[in-house]
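The values are calculated or read from the model by the stated rules, or taken from the named source; none is laboratory data. Everything quoted here is computed from the prediction, not taken from an experiment.
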Amino acid sequence: DFERSPAEKGEHIDWTEYAHDWKIEDLKNKKNPQAQSFSKRCRTLGGDVHLQLAKLYENGVFDEEINTEAAFFHVQKAADLGEREAHVILRKLYAGISQDHLVDYSVPE
């Protein structure tokens, strides 16, 4: 609650009153009210990344050939992380409904 920086006071400053007395280990004990929100966002972000990786494998970006096994793996991981589009892809795959993703893939029994 400074109107100006303590250095601008023009007098000798005892910086100890402005310094923090904490260690980095103290942060683990401090509750973060945003932790649950961050956790949910990270899970969603992870699912999106896996879904995008699945699309890249399906389009042959990483290999000269399409890698449907890797694409299926990443769709499963995306679904595990709550990605809705991945859930829809898996439901259609297991139900035998035609779709735009993993068209030539046969679900293992």
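Please work out which one of (1) more than 18 Å from the chain's Cα centre (by Cα); (2) at pLDDT 70 or above is the condition Arg4 fails and give its number.
Against the list (1) more than 18 Å from the chain's Cα centre (by Cα); (2) at pLDDT 70 or above, Arg4 comes up short only on (2).
In the stretch 63-109, what residues are of a type in the set (Ser, Thr, Tyr) and either at pLDDT 90 or above or in a helix (DSSP H, G or I) (or both)?
Narrowing the stretch 63-109 to residues of a type in the set (Ser, Thr, Tyr): 68, 94, 98, 105-106.
Those that are of a type in the set (Ser, Thr, Tyr) and either at pLDDT 90 or above or in a helix (DSSP H, G or I) (or both): Thr68, Tyr94.
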